[in-house]
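Engineer: Can you keep this structure in mind? I'll have questions shortly.
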Amino acid sequence: MAEQGFVTLSLDLSFWGESEGQPRNTVSPEIYAEDYSAAVDFLGTRPFVDRDRIGAIGICGSGSFVISAAKIDPRMKAIATVSMYDMGAANRNALKHSLTIEQRKKIIAEAAEQRYVEFTGGETKYTSGTVHELNADTHPIQREFFDFYRTPRGEFTPKGSSPKLTTHPTLTSNVKFMNFYSFNDIETISPRPLLFITGDLAHSREFSEDAYKLAAEPKELYIVPGAGHVDLYDRVNYIPFDKLTAFFAKNLK
């Protein structure tokens, strides 16, 4: 986006990457939304930035965090998501609503018991995230993430971090996503415009479609032909920069 002529700030969420925050790999949807507002605080106080012309982009899970932030921060004048994951729905229901209530309750119970373990000095337990090895039974979605997170293509280990923990949140905090409903009241973002970008082959497409249905005008759902979920992280031949540029140029006038 900087190459498209925009003043651009990229941030790591609190507890992850090169951002601060302890314990590391903590899930905190409220703080993740706050990170977006904190970015606006910073940008809006730069002498070279017009604070009335600030937009925001959320990719993958951050698509749901930027929606959460925009609902209560009208300083974000135009909001785009790319390959959005609704992290609340993904954890409560899994893809295509494949997780049962009983399975959800089992995960919650395990996380609650783990709190005792860690409170009394036991080892931290991590969950979900990308596999570290492939075998004949590895699911295609995991293969897609592996190709990004476990290869030089997307591998990056910030200081003090371990590549073994990249994408793995703590079990005790990950259940906080169960209480995260980013699409509730999404219609209140209107009349600020929303752009939802997803690939036509993306396993996460359902989340962008759900958000689009619930949002009020002005809104647009843009489907990228031939693109999967992870393709829109870094495959510049798939990422619709022209669409993003036109969206922000129009709506940040």
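Engineer: Using Cα positions and a limit of under 21 Å, work out the lysines in reach of Lys213, with same-chain residues fewer than 8 apart set aside.
Structural biologist: Within reach: Lys71, Lys77, Lys96, Lys243.
Engineer: Still on this model: What angle do you read, to the nearest 10 degrees and between 0 and 90, between the alpha-carbon axis of helix 241-251 and the longest principal axis of the chain?
Structural biologist: That helix lies at roughly 60 degrees to the long axis.
Engineer: Name the aspartates and glutamates eligible as straight-distance cross-link partners of Lys176: C-alpha to C-alpha under 16 Å, and not fewer than 8 places from it in the same chain.
Structural biologist: The qualifying aspartates and glutamates are Glu30, Glu34, Asp86, Glu110, Glu113.
Engineer: Right, here's the next one. Reachable lysines from Lys164, Cα under 18 Å, same-chain residues fewer than 8 places away excluded?
Structural biologist: Lys125
Engineer: How about segment 12-105: which GluC sites (Glu not before Pro) there lie in a loop by DSSP and see at most 16 other Cβ atoms within 10 Å? Could the numbers behind the result be given before it?
Structural biologist: Details: sites: Glu18, Glu20, Glu30, Glu34, Glu102; in loops: Glu18, Glu20.
Within segment 12-105, the qualifying GluC sites (Glu not before Pro) (loop, at most 16 other Cβ atoms within 10 Å) are Glu18, Glu20.
Engineer: Output wanted: per-residue J couplings in Hz (rounded whole) for segment 141-148, from phi through Karplus 6.51 cos²θ - 1.76 cosθ + 1.60, θ = phi - 60°, x for Gly and Pro.
Structural biologist: Karplus-based 3J(HN,Hα) across segment 141-148 equals 5, 5, 4, 4, 5, 4, 4, 8 Hz.
FYI, it's all coordinate maths here, none of it is from the lab. Note that the structure is a prediction, hence the values are computed from the model and not measured. When we count neighbours, we look across all protein chains shown, and the Cβ atoms used for this are built from the backbone with ideal geometry, even at glycine.
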